[in-house]
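Data first, discussion second: the structure below is written as C-alpha cells.
The values are calculated or read from the model by the stated rules, or taken from the named source; none is laboratory data. Keep in mind that what you see is a predicted model, and the values were worked out from it rather than measured. Neighbour counts are summed over all protein chains in view; Cβ atoms, including those assigned to glycine, are modelled from backbone coordinates with ideal geometry.
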C-alpha cells in the first residue's frame, strides 16, 4: 500500500510506493514528486528535499497524490545530535573521496607506466611506420600505449577532483562546530525570536479553539470550516518548532561556553572605549545597551561609518581611556535649512534654545521644540563634522551640519 511517512530522525517526509501505483501516476504527478523529493536507493523511497518545519509543499504533494498517512518513524534528534551526525557523514564522505582519489591516481600511473618505461629509448619513439605485419603490429601497440598515456591524464584530473571533494567534506565536518562567538550569538537570537513568534501563534490558536467551542463558525481562506482538530495540529506543529529552537539555542550556548563565553557586556564596555570589532577592526563605542553597542569605525575604507554590534562581536578592548567628544553647537545659534512643506522646498530657520553634552534642542517659530542627539561623522573628504538629523514638519528628514572645532 502506498503511503507517506514522517521520519522524525531526519525531519523529512518519505513516500513509499507500490510499483503499480507509481507506474499509474501521470507525468505531471511524477514531475511534482521529482520537484519536491529525491529518490533514495537505501530507503527505496522518495525523500523530501526540504525538512521540518518547511514541509508544507512536500506534504501537500503527498496528500494530492492520495497517499495514506503512515504516521511517524524514528526518534527525534536534538540539534547537537544532528550536528554530530552531519559531521560523521561528512567525515565518511571525505574517506570515500580520499579512496577514490588514491585509486584514480594509481590508475593514472598504471596507464602511463608503459610509455614512461620506454623513456630514453629513442628508437621506440622515432621508429617509422613500416607497412608489414610486424611493422603494423608495432605501430598499433605504440598507438595503444599513447592512448593509455593520454587516458592517464584524465585519471589524474579525476584524482585531483576527488581530492578537492574530500577537502570540502573535511571542512564541512570541522565547521559543524562553530568557532565564532558572534555567529553563535546570532543563532541564539534567531532561536529566541522563533520561540517568541511560535508562542504568540499558540496563544492565537487557543483563542480559535475557545471561539469554536463557543459555537462560532470560523472559515479559512479556502472557504473550508476550521475545526478544533486542525487547530490542535497547528499547535502541535508550533510546539515542535519551539522544541527545535530550544535545542538549537542550548547547542549554541554550549558552543559559546566552550569558546570561553562572552567576555564583554554593558558592565565592562563604556561609551568612549576603543574596541576591536569582528569585521570592522578598530571602532569607537558611542553607546551601550543591554544587548548591543553602537559604534563608529575608525580605520579603513568604511572609516566614519557606524552601526550596531552585539557584545559577542567585540574581540578585545584596544583602549579603555574614555575620549569625550564635545559637539560644537552653541545656544542661540540660528540655522536656515530647506525643508519640504508639501508643495516645494522652502527655507526654514531653526534656533538652538538649549544644549547639553548629549542633546541639542531646536525650535522654529511656534512649532514644538525638537531634542536631538548630535552625531559625529567623517565626511567623504576625510573631514570631521557634527550633524543634527531630524524629521521634517511634513515629509522627509532635515540635517544641520557643523565642522568640529579645531579641525
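For this structure, a couple of remarks:
- Residue match in the range 41-56 (condition: over 22 Å from residue 236 (Cα atoms), at pLDDT below 90 and surrounded by 12 or more Cβ atoms within 10 Å (Cβ to Cβ)): yes
- When residue 342 is tested against (1) assigned to a loop (DSSP other than H, G, I, E, B); (2) touching a residue at least 40 places away in the same chain (Cβ under 8 Å); (3) closer than 30 Å to residue 276 by Cβ, only condition (3) is not met.
- Residue count for the range 312-329 under the criterion of being in contact (Cβ under 8 Å) with a residue 60 or more places away in the chain and either in a strand (DSSP E or B) or within 15 Å of residue 288 (Cβ to Cβ) (or both): the result is 2.
- Residues satisfying the stated conditions in the range 33-64, i.e. outside any helix (DSSP H, G or I) and in contact with a strand residue (DSSP E or B) (Cβ under 7 Å, 6 or more places away or on another chain): 37, 38, 39, 40, 43, 45, 46, 47, 48, 49, 51, 55
- Cβ-Cβ distances below 6 Å connect the following pairs, each with a first residue in the range 18-32 that is more than 16 Å from residue 2 (Cα to Cα), a second residue that is assigned to a helix (DSSP H, G or I), and a separation of six or more residues or different chains: 32/61.
- Considering the conditions (1) over 18 Å from residue 25 (Cβ atoms); (2) loosely packed, with under 12 Cβ neighbours inside 10 Å, residue 83 is excluded by exactly one of them, (2).
- Residue within the range 245-255 that is within 32 Å of the chain's Cα centre (by Cα) and free of Cβ contacts under 8 Å to residues at least 60 places away in the same chain present: yes
- Residue that is farthest from residue 157 (Cα to Cα) [pool: residues in the range 74-104 that are modelled with pLDDT of 90 or more and out of contact with any helix residue (DSSP H, G or I) (no Cβ under 7 Å at 6 or more places or on another chain)]: 92
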